[in-house]
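Below is one structure; the comments refer to it alone.
The values are calculated or read from the model by the stated rules, or taken from the named source; none is laboratory data. Small disclaimer: the values here were computed from a predicted structure and weren't measured. Virtual Cβ from ideal backbone geometry, glycine too; neighbours counted across all protein chains shown.
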Amino acid sequence: MEQFVVAVSIDKVQTFLYYVLQAYTQENQANSGTLREIVNSSHLISKQFFQDIGIEGKYGEFNGHIDEQLLVCSGMCIFTTSLEKELITERLDRLFRKYYGTFKGQLLVKYVVLEKKLSTKRDKLEAIKKSKDRLRQKKCLNDIIASHRDSLFQFCNVPKGNKPQSSIDLDKKYPSFSYNINALYSQEETDNDNHFRIAIIKADLDGMGALFEQLSDYVVYKAISDLLSKFISLDHLHRKTMEYQREDVDFKLYPLYMAGDDIFFAVTTAHLLDGVKLCKEILQQLNHEITQLSKHYNTKLPHLSLSIGIDFTFNREPIRYYYERVQRQLDGAKTYSQDRKDKVKKYSYMKISMNDYVFEDYDADKKKSQWTYFKNDVRLLKGAMQEGFAAYHFLYGLLSKISDKTICSSDNKFSNAVLYHLLPEHLENSNEKLRKYELLIIESLMRKLLVIKKSNSEKTQSNRKERIEKELSFERKQREYLERHVRMLLLFSDPRFAITGDEAKISDFDFNKKRIRSTLFNKPLRYLYHQNLCGSLRKSSMFKEYDIRQFRNFFAMFEIYTAPNGAKVQTYRRLQISSSMFHRFKKIDKKRIETVAEMLQSVNDKTQKQIEDMENQKKLEKKAPPGLFFDEKAFRRIGAQTNFWTNDYIDSLLIFYRLNELSIRYRSLYPDNNKKNQDKENKKTKKIDYRKGLEDER
């Protein structure tokens, strides 16, 4: 007797679900039947489909004629039968017409029939792979279209409401799901129907094809298919929802689709992080079971990864808008390339795309993921706002500057705008928590602008143990990182997007005095000194290097002195110039350099001899050197001959001087009392000083 392998799948599933959601979610938003339509649609694909074929229940086209089930998963089944081929084709055609007619083209049944005798498990696996391959080929669909052209090529109305029938008692089966999107919020919040926000999460498993392709054991193949059916299902999503609600009674979830390798649901914006965490736990469970299968069958199966797209919407926005947006975010996550140079072993790897920014998340020893840092920044923002930090105003102001075309026209303007905006304002505040929160937030923003020093890049590649030093950069890549990060934080500074959870405490965050001082003060001062006050002039003028350096040296000079404890201390010597004087300089015609010289001389009137005597005295006392001598004649000459004195240069000087003042204040508030750290700092200073000395000589 001949034996045939029959493979049947439902095509256009996503189109169908999209139609159901569009038809019911938006037209009947306040109707508690919304969830019923979604559940019934999923039930149709996962249960009713198998009943219509005859795999489940007492009826169906192949009921009583299925010899063996080879594979049963969401929207697909493969089985063997001993029916004659003509009868098989007749029943499959009838099944196709039923679905096409009932759902007016919203669902298509695809099928292939293979004549193959299965005597071994290897034969079964080959039959599954060949059937799935044939279902994907264009020829399969072309043959079906040719067979049913009379039904396909006729005009018919799009259904207004073909509701899949189901006997599911939702109150008993899925009591923890929200019955509609409005139910995600409390009755008080839903009084303002059009103004509460929802986070839409759409996830897709990566590596499925590669995993199944490499399998050579039918038993393992079927076991993994069963795993996916178990964990990527409405039943499992509901169990996870119940778990979360035991920890947080306010947690609510509205399912949109859960089957195959797709996860699609909505949560309140306050529970966005919980929604992503839920996805990760599902991935971890899957990978744990895959590891157990590997051990049991003595094989090595690769772990799966997950791509996640996130979008935000109003509760009543039409699904066609946010469906397309969240799909675009998901596509961005899937196409994101990992850093292949990173040798860290990553487990439960996820790519999360939100606001066109992709975060990596993973479990790894001694290394935090991008998503972990982002979650920390969100909590940090929340804690700062609790202490009175005007986060929205601060972030919106920064975003306005860094997106301004005039400011973006040059590195000088851009760096001045950013560094000025990131000057701490609460360093004099008596509220210590507010001071620390502000410093940590500014540090998190400044980190987006750090790159590995070019002089150390080759050493770092050849010797990974070499201490990595970073410096500020305002090039295009860093600008983009900063803008995306600011937009993300701005989103969560809005009270409507407030993340739920315990109140943040300043003790929860790593307030590393040395690290913060380096990032917020030392690196910006170094950048301004070497770049804005010197390096940028090389590009914009034809003057000699000596003139450029001498012009900078009128206002600032890097120097090292020996402290009483023998430590080498870095400092910048400056003139006496107030912030108000800098602002007056900007109003004066830049060609009137003699007026500027007179103003500077009026507050820096010590002679060169007096400054030299003070230098010698400070050196004997092992104290910081005095301010600079102002050479009025030299300043007039170079200022008149060059075009160095510009508003951008004045801005850079203003920021440089203010940073110096704030740095001194910071050191007094948070002194480094650790002698061991001080010794390391001294050694590092000597190396830096030696390199800088060579640069200055050149």
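What to note about this one:
- Residue within the stretch 4-17 that is surrounded by fewer than 21 Cβ atoms within 10 Å (Cβ to Cβ) and modelled with pLDDT of 90 or more present: yes
- Looking only at the stretch 119-135, and only at residues there that are surrounded by 13 or more Cβ atoms within 10 Å (Cβ to Cβ) and within 40 Å of the chain's Cα centre (by Cα), the one that is nearest to LYS98 (Cα to Cα): LEU135
- For the stretch 66-114, the set of residues classified as among the hydroxyl-bearing types (Ser, Thr, Tyr) and in contact (Cβ under 8 Å) with a residue 60 or more places away in the chain consists of SER74, THR80, THR81, SER82, TYR99, THR102, TYR111, listed by residue number.
- Filtered by the rule that a residue be assigned to a loop (DSSP other than H, G, I, E, B) and either within 24 Å of the chain's Cα centre (by Cα) or within 13 Å of VAL486 (Cα to Cα) (or both), the stretch 420-452 gives LEU422, LYS448, LEU449.
- When residues of the stretch 105-118 are limited to those that are assigned to a strand (DSSP E or B) and more than 45 Å from the chain's Cα centre (by Cα), the one farthest from ILE145 (Cα to Cα): GLU115
- Hits in the stretch 417-436 - residues which are out of contact with any Leu (no Cβ under 7 Å at 6 or more places or on another chain) and more than 17 Å from ASN532 (Cα to Cα): GLU425, GLU428, ASN429, SER430, ASN431, GLU432, LYS433, LEU434, LYS436
Let's see how each residue does on (1) surrounded by fewer than 17 Cβ atoms within 10 Å (Cβ to Cβ); (2) closer than 25 Å to ASP648 by Cα; (3) in contact with a Leu (Cβ under 9 Å, 6 or more places away or on another chain):
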residue: ALA384; (1), (2), (3): no, no, yes
residue: GLY388; (1), (2), (3): yes, no, yes
residue: ALA391; (1), (2), (3): no, no, yes
residue: ASP404; (1), (2), (3): yes, yes, no
residue: ASN412; (1), (2), (3): no, yes, no
residue: SER415; (1), (2), (3): no, yes, yes
residue: GLU443; (1), (2), (3): no, yes, yes
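- Residue check for ILE128: in a helix (DSSP H, G or I), closer than 20 Å to GLY54 by Cα and either among the hydroxyl-bearing types (Ser, Thr, Tyr) or assigned by TED's automatic domain parsing to the domain that holds ASP11 (or both): yes
Each row is one residue, and each column tells you yes or no for (1) of a type outside the set (Asp, Glu); (2) assigned to a helix (DSSP H, G or I); (3) in contact with a Leu (Cβ under 7 Å, 6 or more places away or on another chain).
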position	(1), (2), (3)
ARG515	yes, yes, no
PRO524	yes, yes, yes
GLN531	yes, yes, no
GLY535	yes, yes, no
TYR546	yes, yes, no
ARG552	yes, yes, yes
TYR561	yes, no, no
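- Filter pass, LEU423 being touching a His at 6+ places or on another chain (Cβ under 9 Å) and modelled with pLDDT of 95 or more: no
- Residues of the stretch 304-338 satisfying the condition of being of a type outside the set (Gly, Ala, Ser), outside any helix (DSSP H, G or I) and in contact (Cβ under 8 Å) with a residue 60 or more places away in the chain: LEU304, LEU306, ILE308, ILE310, ASP311, PHE312, THR313, PHE314, ASN315, ARG316, PRO318
- Residue selected from the stretch 646-662 under the condition among the β-branched types (Val, Ile, Thr) and more than 20 Å from LEU427 (Cα to Cα), by the criterion surrounded by the most Cβ atoms within 10 Å (Cβ to Cβ): ILE650
- Of the residues making up the stretch 73-104, those that are within 47 Å of the chain's Cα centre (by Cα) and of a type in the set (A, V, I, L, M) are MET76, ILE78, LEU92, LEU95.
- From the options GLN26, GLN22, residue that is modelled with pLDDT under 60, surrounded by 15 or more Cβ atoms within 10 Å (Cβ to Cβ), assigned by TED's automatic domain parsing to the domain that holds LYS85 and within 21 Å of LEU253 (Cβ to Cβ): GLN26
- Taking residues in the stretch 598-610 that are without any contact (Cβ under 8 Å) to a residue 40 or more places away in the chain, and partners anywhere that are small (Gly, Ala, Ser), the pairs with Cβ atoms closer than 9 Å and at least 6 places apart or on different chains are VAL603/SER578; ASN604/GLY627; LYS606/GLY627.
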